[in-house]
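To start, the structure itself, in structure tokens.
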Amino acid sequence: MQHNAFSDQIRLSRRFAGRFITSVIALAVATAAGCTSIDYQKLTTGEISGSLFVMWVGEGNSSGDGNFLFVPDPRDPLVFHRADPTAPGSKIKPGLMYTDGGSIPKIAQVFKGLSPWGYAPAYMIHDWIFIAHHCIVDGSTEKRFDQVRGVEFDDSAAILGEAIKALIATRQVAPNDVAPSAITAAVGSAIAKELWDEKGACKSLQVSAKDIASAEAAIPGSTSKAQNLRAFQIPETVAPAVRAVRPAKIIARLSF
């Protein structure tokens, strides 16, 4: 697979977790079929439960529809279970993180199933895997990342496909003949593997104190010390050092 402008676009978007799917979606639709060992059709179906909060924190660029903050519901967090309880990443509960959904390029959003938020819960699971992986590679020993310490690159692509299948199986989204396979191929492609192998990305992915405070103002208790330890497992060192001027705007809440 040859280098192209899509990979350059990805590298310019390091801060936000959703960029890990950036632009390779469009590339995968046309060319990625032979570049990945993951066959979406052969994947098992996972299980998704819980609620999903998404807050807007900034405008987007040529991919996605903006920059957002994913905030787990402290009472009903988003959780994904793989069909095989012994498989790597058998249970994944995403923590507080930046995202822009599926980071689908504008040019590709006209196609059915390629909305940046069409498979939002699955994208959140995949985003969290990438964030955790980069922090683990950079030496983090935080317990919040333990759930994915054994997840390899091919596992990450398979998990996204299994999560999409879960959404289809429970009729949260309509079946689609092209999009799920294309998306799974994209996140299992050579370009995505280059991103997976990068080092030194963990620090740039950390949620700022200001945005943590905004999340707390919008969803009281979501980032408190007690909730951090019980639900998010976020270290006390990331507790907000500033007070939010105003709450972040809740864009959407989905329950499964």
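The values are calculated or read from the model by the stated rules, or taken from the named source; none is laboratory data. What you are looking at is a predicted structure, and each value in this text was computed from that prediction instead of being measured. Cβ atoms come from the backbone with ideal geometry, glycine included; neighbour counts cover every protein chain shown. In case anyone asks, the SASA skips ligands and DNA or RNA and just uses the protein heavy atoms, side chains included. Shrake-Rupley method; radii C 1.70, N 1.55, O 1.52, S 1.80 Å.
Structural remarks
- Check on I191, out of contact with any Cys (no Cβ under 7 Å at 6 or more places or on another chain), assigned to a helix (DSSP H, G or I), more than 24 Å from V79 (Cβ to Cβ) and open to solvent by 10 Å² or more (accessible area, probe 1.4 Å): yes
- Look at (1) closer than 23 Å to N67 by Cα; (2) touching a helix residue (DSSP H, G or I) at 6+ places or on another chain (Cβ under 6 Å) and you find that A185 fails only one, number (1).
- Any pair with Cβ under 9 angstrom, 6 or more apart, that starts in the stretch 211-224 at a residue that is at positive phi and ends at one that is in a helix (DSSP H, G or I): G221/Q227
- Count of the stretch 180-208 residues which are without any contact (Cβ under 8 Å) to a residue 12 or more places away in the chain and under 16 Å from the mean Cα position of the chain (by Cα): 0
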